[in-house]
Amino acid sequence: MSKKLVVIGAGMASGRMLETLFDADPAAYDVTLFNTEPRGNYNRLMLSPVLSGEKTYAEIVTHDDDWYAQHNVTCRFGERVVHIDRDRKVVVGENGEVPYDKLVLGMGSTPFMIPLPGHDLDGVIPYRDLEDTERMMGLGAKTGSKAVVIGGGLLGLEAAAGMAAQGVDVTVVHIMGHLMERQLDPAAGYLLRKALVDKGITVMCNANSKEILGQDGKVRALLLDDGTELPCDLLVMAVGIRPATALGEAAGLATGRGIHVDDQMVTSDADILALGECVEHNGAVFGLVAPLYDQAKVLAQTLLGQEATFVNKEVSTKLKVTGCDLFSAGDFAEGDDREDIVFRDPARGVYKRLILKDNRIIGAVMYGDTADGAWFYGMIKDGTDVSDMRDTLIFGPAYQGGAALDPMAAVAALPDEAEICGCNGVSKIDIVTAIQGGATTLGDIRATTKASASCGTCTGLVEQLMGTTLGDDFVIPTDQAICGCTDLTHEALRRLIKSQELKSQEAVWQELGWQTLNGCHTCRPAVNYYLLADWPLEYADDPQSRFVNERRHANIQKDGTYSVVPRMWGGITTPDELRAIADAADKYNVPTVKVTGGQRIDLLGVKREDLPAIWFDLNQAGMVSGHAYSKGLRTVKTCVGTDHCRFGTQDSTGLGIKLEKELWGSWTPHKLKLAVSGCPRNCAEATCKDIGVICVDSGYEISVGGAAGMEVKETELLCKVATEAEAMEVICAFTQLYREQAKYLDRIYKWVAKVGLEWCKEQVVDDLENRRALADRFEVSQSVYRTDPWAEQARPEPAKQFTPIADLTLEAAE
Amino acid sequence: MSWLDIGPVDQIPLRGARVVKTRVGCVALFRTAVDEVFATSDRCPHKGGPLSEGIVHGRAVTCPLHNWVFSLETGQAQGADEGSIDTYAVRVEGGKILLDTSRFEAVAAA
Ligand code: SRM
Ligand SMILES: Cc1cc2nc3c(=O)[nH]c(=O)nc-3n(C[C@H](O)[C@H](O)[C@H](O)COP(=O)(O)OP(=O)(O)OC[C@H]3O[C@@H](n4cnc5c(N)ncnc54)[C@H](O)[C@@H]3O)c2cc1C
Ligand code: SF4
Ligand code: FES
């Protein structure tokens, strides 16, 4: 007679196990199958296509009534097992007992629900089974429905995309900085977010849920930490799963995070086996189906008395959202000797990254073109040595075996119909025809074919084509690229950030085809500056992309200490301020106090740990950061002017203070120094500043482009105005022009030499409307940046970053 | 190995660093954009620049004083510069940073 086998849970894992078992020996066991869900085995993975309407439930059933009948399975669907009695070897279901010779546990896992206030309201659901799916589909039937999904992982996004496909207005709330952070790096996360936003889904990252608000026992809205309220008719929580261990634990089986099993899938009781998401094997728990299928095979073989061993392998992830092709596999965790290979194709929205260690691929992330995913995944699993194909590896299997590519030869070898310019759909033959028709410069090509005229990333390709077609007649221009991370020049980068409306670093890296993951110390500060200058309200300044001085808001010294320079508006100070500075110098043992060349006082040699405290003290006395460290406004030097000087023509001190109060805090391409002198004797040395004002009887002479550093240059006259108000507006407008146009790290004199003083005059002197618009844009930016960074950093939480994270010298001494 | 819990990993900003004071000088803990943590000596072999104050890019850091670039994995200076910094074993478990302190203790005992 066959032995009695009881299986708890008709899930993905146990279903596969039964198939293997019956294939090998249909008569070995008499099977009873329990399932809490009122149905048998179906393909849980396919719930997402059901939700989005691409499939029906009937299409995803894997085992139907016929199948169970044919294999003599006693089905107890809709019945939960409540107890396992190991002594009597019986399983207790809600409707009665069943004895077993062998028992298989396949209970899967339970979705984790964050215990936020309101989590038990009606309309707060997980995403796990058909009931949940139907609940979400029901929302699509009503027009104007809103849903919030907490969790930007695999499940949450499939739920969001599915509901959006049904016409629901969906918002995803994710606590981390980018979506699917466990499977994707920030670059792929950026592309994914973009695709979802294109589908009409609202995506909020770095968002913390605080409370679920209800009305009459039903969910009404989600409240975030920052006070934002997101109204919703349904709230789906997809924040993780917990192995379903309760039954096993109650029966006294060894459990950790999951029910412990050995390599043969046997639990601590020799007659009880387990598989799927409810188990823990060698410290690992499971959340994807691939390893579960391996477990299913091993478990079936064990039941049949055959030798088999489960080995946990790397898993790969795909997201089942139409139009979002992503793939990730392997390991991104820390380790030694790793290398990245990065490939980006902005025109097609493609990103690929391989992580190598000891000449073997250990991880792969791909977005947009995942065709080679399986190939890379195979090499990860096999540990293939890739030294021989390193150079062309990222291009996939199609490129292997050939010699290394010469870019010119590669372009020459492209077929006529190959698309060169993705933005305008221009193929190679169009460009070659244009060249044969007489085009000899890039400008000609742009005019005749539009190639390289939009985003410009194909410029290199077009030039190479001109090179191969025109031969020696064409010399490929070699403009200075910013750094090794890109072929773009600063000018091209600035143009593209504006024309393509790129508003995040990830957008720049991806859309402009950066060759490194997140830039380097040369390009990243520039990119950070351009983004904040062009999108002051949308882009948030990134301290991690700033040189140490600008991140610490102090100048680093050669011994690693810092200098602290408080602002003295227009060079004016008071006895109280001086006393506070003296007190601070005493309190923090400042070794050197020096009067700077910028009319203020420098406290040199302050320890990093003391910075927030000394700032706090100076703040208390009403002083703020002097930005002596920034690519931004430094000082506005003044002379005494009409207040005291017998030659003074205007209130130069007063104008200097006004200008400093207007401009302080602003970030500029390089540092910005101003001065205002009360008469042409020019005691404030205004004619060697970036912007200088000389007061005369009839008004104010504004001159620009001076320098007194590595080069000494006299300013040139920009214009003369009659009133203080006009002087202020011209200076703000000119500063904004500089902020919007100049290359990062060009002082004003260098920039003016490139664009010409005449052009600057046209922009801010002759064209009054433009002057006003520039000044207005400056004010918008200043509404964000005219603040004291010291006050910000001296608060308790940010101040922690100035201290060591741990001090082991004390511990060792104890 | 002797793993010591240094604290939660989110105390280090992404693409940033913090220091741990030890008997052998400051050790810098770096956290990269993709959330890996590395530990190296905080002292630049060129002129002693505090590496924890540098810009972290990819798996490398640029010294804040004169822009030498070091691999956080191997400790080797990149490009034309020659020199290296010590690297220490570190891992993250359950959101906690675990640093192998055996090498500091060995020095302390010696
Ligand atoms: C503190 C001060 C010297 C002093 O004791 O007076 C100073 C100190 C430094 N200057 Fe300066 N400059 C100081 C006024 C000047 C002046 C005079 C002025 O502003 O009227 C100039 C010439 C005017 C000019 O800028 O054209 C000046 C031209 C430079 C330059 C050359 C800039 C150029 O484009 O040619 C640099 C290098 C750079 O910025 O790349 C520089 C860079 C530096 C740095 C920040 C070097 C560095 O990167 O570490 C010095 C920081 C020292 C420290 O450890 O704190 N400093 N520096 C002055 C601070 C003024 C203030 O109150 O903010
Ligand atoms: C919407 C969705 C999409 C997914 N997409 C993918 C994907 O694309 N790729 C991938 O690899 N993985 C995916 N997964 C994960 C995958 O579905 C699971 O890893 C897999 O289903 C786990 O199989 P299992 O047999 O362990 O558990 P389950 O399939 O969950 O089956 C367990 C069954 O046991 C029943 N049960 C529990 N307790 C009892 C009890 N006491 N008595 C009786 N019955 C009980 C449950 O009702 C359930 O039906 C997805 C999951 C979901 C929810
Ligand atoms: S002149 Fe040179 S040494 Fe003196 S403060 Fe300026 S940068 Fe430093
Ligand atoms: S001290 Fe590090 S580069 Fe000079």
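The values are calculated or read from the model by the stated rules, or taken from the named source; none is laboratory data. These numbers were taken from a predicted model, which means no experiment stands behind them. In this analysis, Cβ positions are derived from the backbone assuming ideal geometry, glycine residues included, and neighbour counts consider all displayed protein chains. Surface areas here come from the heavy atoms of the whole protein model, side chains and all, with no ligands, DNA or RNA. Shrake-Rupley method; radii C 1.70, N 1.55, O 1.52, S 1.80 Å.
Under 17 Å from a label point set 7 Å out along the Cα-to-Cβ vector of residue A:72, the amide N atoms of segment A:1-42 belong to A:1-7, A:18-33.
Computed from backbone phi, the HN-Hα couplings of segment A:300-306 come to 4, 5, 4, 4, 8, x, 9 Hz, rounded to whole numbers (Karplus: 6.51 cos²θ - 1.76 cosθ + 1.60, θ = phi - 60°; Gly and Pro given as x).
Summary of the geometry: segment A:629-671 and segment A:175-209, compared by the centres of their Cα atoms, lie 45 Å apart. Along segment A:762-772 the Karplus relation, 6.51 cos²θ - 1.76 cosθ + 1.60 evaluated at θ = phi - 60°, assigns HN-Hα couplings of 4, 6, 10, 9, 6, 8, 5, 5, 5, 4, 4 Hz to successive residues, with x for each Gly and Pro. What separates the Cα centres of segment B:1-48 and segment A:534-554 is a distance of 22 Å.
Summarise the partner chain shielding of B:71-77 as one whole number: the mean count of Cβ atoms from other chains within 10 Å of each residue's Cβ. Mind dumping the intermediate values first?
Numbers: counts 3, 3, 7, 3, 0, 0, 0.
Other-chain Cβ atoms within 10 Å of each residue's Cβ, averaged: 2.
To the nearest 20 debye, what is the magnitude of the charge dipole of chain A about its Cα centre, counting +1 on the Cβ of each Lys and Arg and -1 on the Cβ of each Asp and Glu? Mind dumping the intermediate values first?
Numbers: 81 positive and 116 negative charges, 362 e Å.
Roughly 1740 debye for chain A.
Can you tell me how much longer the chain between residue A:593 and residue A:43 gets when fully stretched, taken as 0.36 nm per residue apart minus their C-alpha distance, in nm with one decimal?
Values: separation 550, 0.36 × 550 = 198.00 nm, distance 7.38 nm.
Stretched fully, the residue A:593-residue A:43 segment lengthens by 190.6 nm.
Given in Å, the Rg to one decimal and the Dmax to the nearest whole number for the Cα atoms of segment A:124-239 are 13.3, 43.
Of the listed pairs A:637/A:661; A:142/A:218; A:637/A:743; A:194/A:450; A:594/B:47; A:658/A:720, which have alpha-carbon separations greater than 20 Å here? Mind dumping the intermediate values first?
Values: A:637/A:661 13 Å; A:142/A:218 17 Å; A:637/A:743 25 Å; A:194/A:450 26 Å; A:594/B:47 25 Å; A:658/A:720 18 Å.
Check vs 20 Å cut-off fails for A:637/A:743; A:194/A:450; A:594/B:47.
Between residue B:43 and B:51, the built amide H atoms are under 5 Å apart, and every one of these is 5 or more places off in sequence or on another chain. Distance between the modelled labels on residue A:557 and residue A:786, one decimal in nanometres: 3.4 nm (7 Å Cα→Cβ projection).
If the chain between residue A:176 and residue A:385 were fully stretched, how many nm would it gain, using 0.36 nm times the residue separation less the Cα-Cα distance?
Working: separation 209, 0.36 × 209 = 75.24 nm, distance 3.47 nm.
Difference between extended and current length: 71.8 nm.
Taking the square roots of five times each eigenvalue of the Cα gyration tensor of chain A, the equivalent ellipsoid has semi-axes of 63, 35, 25 Å, listed largest first. In the full protein context, chain A carries 43 Å² of accessible surface per residue, based on a 1.4 Å probe and ignoring ligands, DNA and RNA. Give the residues of segment A:654-670 whose amide nitrogen is closer than 17 Å to a point set 7 Å from the Cα of residue A:498 in the direction of its Cβ. In segment A:654-670, the label zone of residue A:498 (backbone N under 17 Å from the point 7 Å along Cα→Cβ) covers A:668-670.
Rounded to the nearest whole Hz, the Karplus-based 3J(HN,Hα) values (6.51 cos²θ - 1.76 cosθ + 1.60, θ = phi - 60°) of segment A:358-363 follow the sequence 6, 6, 10, 7, 10, x, with x at glycine and proline. For segment A:101-231, the antiparallel share of DSSP beta bridges with both residues in that region comes to about 50%. With r as the distance between the Cβ atoms of residue A:779 and residue A:646 and R0 = 41 Å, compute the FRET efficiency 1/(1 + (r/R0)^6) and round to 0.05. Calculated transfer efficiency: 0.65. This model, with +1 at the C-beta of Lys and Arg and -1 at the C-beta of Asp and Glu, gives segment B:2-103 a dipole about its Cα centre of some 240 debye.
Run the helix sum for the protein assembly as shown: -39,500 (n - 2.57) per DSSP H stretch of 4+ residues, divided by residue count, reported at 222 nm to the nearest 500 deg cm²/dmol. Before the final figure, lay out each step's value.
Numbers: 29 runs with 273 residues, N = 924.
My calculation for the protein assembly as shown gives -8500 deg cm²/dmol from helical runs alone.
The alpha-carbon of residue A:102 sits under 14 angstrom from the alpha-carbons of these aspartates and glutamates, leaving out residues fewer than 8 places away in its chain: A:30, A:85, A:87, A:269, A:271.
What do the square roots of 5 times the Cα gyration tensor eigenvalues come to for chain B, in whole Å, largest first, as semi-axes of the equivalent ellipsoid? Walk me through the numbers on the way to the answer.
On the way: eigenvalues 90, 61, 24 Å².
Result for chain B: semi-axes of 21, 17, 11 Å.
Of all the C-alpha pairs in segment A:552-625, what % are more than 14 Å from each other? All intermediate terms of the calculation are to be shown ahead of the outcome.
Details: 1501 of 2701 pairs.
Pairs farther apart than 14 Å: 56 percent.
Projecting label points 7 angstrom from Cα along Cα→Cβ for residue A:722 and residue A:143 puts them 6.2 nm apart.
If you take the Cα centroid of segment A:684-752 and the Cα centroid of segment A:214-229, the two points sit 53 Å apart. Under 5 Å from the amide H of residue A:259 lie the amide H atoms of A:279, A:280, each residue being 5 or more positions distant or on a separate chain, with H modelled from the backbone and absent for Pro and chain starts.
Please state the charge dipole magnitude for segment A:170-251, taken about the Cα centre, from unit charges on C-beta atoms (+1 on K and R, -1 on D and E), reported in debye and rounded to the nearest 20.
Values: 8 positive and 10 negative charges, 43 e Å.
Here segment A:170-251 has a charge dipole of around 200 debye.
Once fully extended, how much extra length lies between residue A:480 and residue A:395, figured as 0.36 nm per residue of separation less the alpha-carbon to alpha-carbon distance? Walk me through the intermediate numbers first.
Working: separation 85, 0.36 × 85 = 30.60 nm, distance 2.73 nm.
That works out to 27.9 nm of additional length.
Bridges between two residues of chain A, per DSSP, are antiparallel at a rate of about 65%. Note on residue A:750: aspartates and glutamates with a C-alpha under 12 Å away, same-chain residues under 8 apart excluded, are A:690, A:711. Here the spin labels are modelled as points 7 Å beyond Cα on the Cα-Cβ line, and at residue A:436 and residue A:745 they lie 4.5 nm apart.
Panel note: contact residues of segment B:1-41 (accessible area lowered by at least 30 Å² against the chain on its own; 1.4 Å probe) correspond to B:4, B:6, B:11, B:13, B:15, B:18, B:19, B:21, B:23, B:33, B:34, B:36.
Label zone of residue A:61 (point 7 Å out along Cα→Cβ, amide N under 16 Å): in segment A:1-27 this covers A:10-11.
In the protein assembly as shown, carbon and sulfur make up what percent of the accessible area (probe 1.4 Å)?
Details: 19440 of 39390 Å².
Percent of accessible area from carbon and sulfur atoms in the protein assembly as shown: 49.
For the pair A and B, the buried accessible area comes to roughly 3500 Å² in total, with a 1.4 Å probe and the value rounded to the nearest 100.
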